[in-house]
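Trainee: Take this structure, written in structure tokens, and hold onto it; I'll ask about it next.
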Amino acid sequence: MNPLDPLEKPMLTNLLNDILENPIARGAIDRANDARDTALATQQAVLGLLNLPTATDVETITHRLKSISQRLEQLEDAVDNLNRTATTIASISKKLTQLDQHLEAVLAERIPSA
């Protein structure tokens, strides 16, 4: 597409303004917009009756799925953190049990039972 010649731009602007100011042209543009809106509403109604999603429905579902996916990733990260914490706690518990057993053995050697 060629850029407009500096002399053509004002002519085109004036022509468009004249068209938009013309009541017949303006009425035709308004009727065309109304027809487009009616066609879109009819299309959505027909798709609804056929139980088919509209583009807006698909976009909404896509947005919700992305949101759910992000939440699921956060939950997976939290579960991973819990697993690491549980592993650490299990290791500490095992070491405490070993220390307790060792302490009982040392005490048993030093303090004979009656």
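Trainee: Filter the range 36-56 for residues that are under 27 Å from the mean Cα position of the chain (by Cα) and hydroxyl-bearing (Ser, Thr, Tyr) and give the result.
Mentor: 54, 56
Trainee: What is the residue count in the range 2-24 for residues that are in a helix (DSSP H, G or I) and touching a helix residue (DSSP H, G or I) at 6+ places or on another chain (Cβ under 9 Å)?
Mentor: Of all residues in the range 2-24, those in a helix (DSSP H, G or I) come to 8-21, 23-24.
Then drop every residue that is not touching a helix residue (DSSP H, G or I) at 6+ places or on another chain (Cβ under 9 Å), which leaves 18-20.
Residues in the range 2-24 being in a helix (DSSP H, G or I) and touching a helix residue (DSSP H, G or I) at 6+ places or on another chain (Cβ under 9 Å): 3 in total.
Each value in this text was obtained by applying a stated rule to the coordinates, not by laboratory testing. As the structure is a computational prediction, the values presented were derived from the model and not from experiment. All Cβ positions, even for glycine, are placed from backbone atoms using ideal geometry, and neighbour counts span all protein chains on display.
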